[in-house]
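Here the structure comes first, spelled out in structure tokens, and everything after it is commentary.
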Amino acid sequence: MTCASVMAKWGEGDPRWIVEERPDATNVNNWHWTEKNACQWSEDKLRELLKGFKVENDDASCELTEVEKLEGEAVANNRKGKLIFFYEWDIVLKWKGSMNDSDEDVEGKVHIPNLSEENKVDEVDVNVTIDKNTDQGYKVKSFMMSVGTLKIRGQLGKYIDALREEFSKGMILPKKSDSGTINTKDCVVNSLSSGFNLKMQMNSVPKPASNTSGCKIETSTLTFTQAFQCTAKEFYNAMTVIEMVQAFTQGPAKLEVKKGGKFELFGGNIHGEFIEIVPEQKIVQRWRSKRWPDEHYSTVSMVIEQKDDHTSVKVTQTGVPQSEADGTRENWDRYYWEAMKRTFGFGSFIV
């Protein structure tokens, strides 16, 4: 019996052994490890998507004017019928813009240090800086940090989609069905991060039984200080401007920035009301997780103090259910401070 006589017919059996139109039978259907270099294609695509890209709304208008730095690599690999994409880019862009009610032009840079398959696109750092610190400069910078960050991430997402589409072609040779059409279910396209659900949500605990109503709840007080590489105004805006809040929480938010005004974050998981507001100096909130016992609120006080080279924020939270203290502290770090650092480039660090 010869090898050819045991080979599967076209469209039948294990696709590794399909040999029609491939009489040499070498690396049939690219089943073994194959690789395509996507570096130059990626550079061209990223420049196409980013240079000249405009970020606009009724308040401001900005444009990415130049790709100053574009360093990294990208490859597509096929291993046993699956495509794996590796890409890692460090990007610096120049931008300029202005508020629509001002003639003053503002210029600055955007640094994207970690565009890679290890990060979901909405987790990619987009750090915005301005060349000159002026009142108009801070306004335009805030616009770029909130609206611009989301828009730029959208362009990066287009690059990733295009990379996968372009370099899926010819990497896997699919089976033909009996009708002669391509059986697309045999084409599998994966990245290293596929299969992970990274949707941001606050840590949750089982909801207490209803008979806890009226019982004394043991509580704790949390205190911590954070330092941010931004102005007091920029931090205050990040906590009170709806576009900026939605940017770092990565979801819809409700915000009434006034005494007695309500707020809802993280799908309503965190909600409460403002007790005291001193712009750029102090924010006090009546704050709770919906998983806490019914009608139980804590009090959060944020004292904002601008230093010579950073802004210090002292947070005191009283009335936290004792069983929730560790989880609540962790959530502040992860979903407030680290999210702000990632989204706005505040470079937060613990003092």
Quick check on my filter: what residues within region 311-336 are of a type in the set (Asp, Glu) and open to solvent by less than 10 Å² (accessible area, probe 1.4 Å)?
none
For ASP59, state whether it is modelled with pLDDT under 90 and within 26 Å of the chain's Cα centre (by Cα).
yes
Is there any pair linking a residue in region 41-63 that is closer than 23 Å to GLU166 by Cα and of a type in the set (Phe, Trp, Tyr) to one that is open to solvent by less than 20 Å² (accessible area, probe 1.4 Å) and assigned to a helix (DSSP H, G or I), with Cβ under 8 Å and at least six apart or on different chains, and which?
TRP41/LEU163; PHE53/ILE152; PHE53/GLN155
Report the residue count in region 228-264 for those that are assigned to a strand (DSSP E or B), free of Cβ contacts under 8 Å to residues at least 40 places away in the same chain and either open to solvent by 10 Å² or more (accessible area, probe 1.4 Å) or within 18 Å of VAL128 (Cα to Cα) (or both).
4
Scan region 94-109 and give yes if some residue there is under 15 Å from the mean Cα position of the chain (by Cα) and crowded, with 18+ Cβ neighbours inside 10 Å, otherwise no.
no
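The values are calculated or read from the model by the stated rules, or taken from the named source; none is laboratory data. Since we're looking at a predicted model, the values are computed, not measured. Ideal geometry is used to build each Cβ from the backbone, glycine not excepted, and the neighbour counts take in all protein chains shown. Protein only, heavy atoms only, side chains kept; ligands, DNA and RNA dropped before computing areas. Shrake-Rupley method; radii C 1.70, N 1.55, O 1.52, S 1.80 Å.
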